[in-house]
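Colleague: The structure follows.
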């Protein structure tokens with residue numbers, strides 16, 4: 001029974017190969033990356049060969065329970081958007097205003113933020129497929 005649960009969970013996890021990692025990598029993105037702000041999030045990104053994502057939720061946002069909940073929600077949203085995202089290094093920063101916002105609204109805001117920064121892969125044009 002235990003092995004079955006682990007297999008199901010593994011498919012929905014946020015794999016280590018997509019994590020930004022240690023402080024040195026965060027500092028590099030902060031220093032050389034481009035910033036794209038929105039109401040509740042700030043995205044800092046820079047080009048890279050592979051996709052690496054980090055999350056930053058300050059102590060100003062709330063207590064540890066609140067910060068971890070926000071981080072889990074952001075990680076889940078990025079996990080679902082990952083196949084559509086271009087390669088590079090990303091840091092998502094949660095602003096204190098994110099605390100009362102529903103998860104669905106944060107998901108929409110993240111997608112808009114990525115598209116505004118032109119970091120989503122181009123969808124193939126299917127408008128003239130039927131011709």
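The values are calculated or read from the model by the stated rules, or taken from the named source; none is laboratory data. Computed from a predicted model, the values in this text were never measured in an experiment. Here the Cβ is made from the backbone with ideal geometry for all residues, glycine too, and neighbour counts use every protein chain on show.
Colleague: Quick one: count up the residues across the stretch 110-124 that are out of contact with any strand residue (DSSP E or B) (no Cβ under 6 Å at 6 or more places or on another chain) and closer than 11 Å to residue 39 by Cβ.
Modeller: So the count comes out to 1.
Colleague: Let me ask you something else. Among the residues of the stretch 41-60, which ones are surrounded by fewer than 20 Cβ atoms within 10 Å (Cβ to Cβ) and over 21 Å from residue 87 (Cα atoms)?
Modeller: 58, 59, 60 - these are the residues of the stretch 41-60 that are surrounded by fewer than 20 Cβ atoms within 10 Å (Cβ to Cβ) and over 21 Å from residue 87 (Cα atoms).
Colleague: Tally the residues that are crowded, with 18+ Cβ neighbours inside 10 Å and touching a helix residue (DSSP H, G or I) at 6+ places or on another chain (Cβ under 8 Å), restricting the search to the stretch 67-100.
Modeller: 11
Colleague: Among the residues of the stretch 118-128, is any in a strand (DSSP E or B), touching a residue at least 60 places away in the same chain (Cβ under 8 Å) and under 23 Å from residue 15 (Cα atoms)?
Modeller: no
Colleague: Can I ask one more? Give the number of residues within the stretch 4-20 that are within 18 Å of the chain's Cα centre (by Cα) and modelled with pLDDT under 65. Break it down stepwise before answering.
Modeller: In the first step, residues of the stretch 4-20 are kept if they are within 18 Å of the chain's Cα centre (by Cα); the result is 11-20.
Next, from what is left, pick out any that are modelled with pLDDT under 65: 11.
So the answer is 1.
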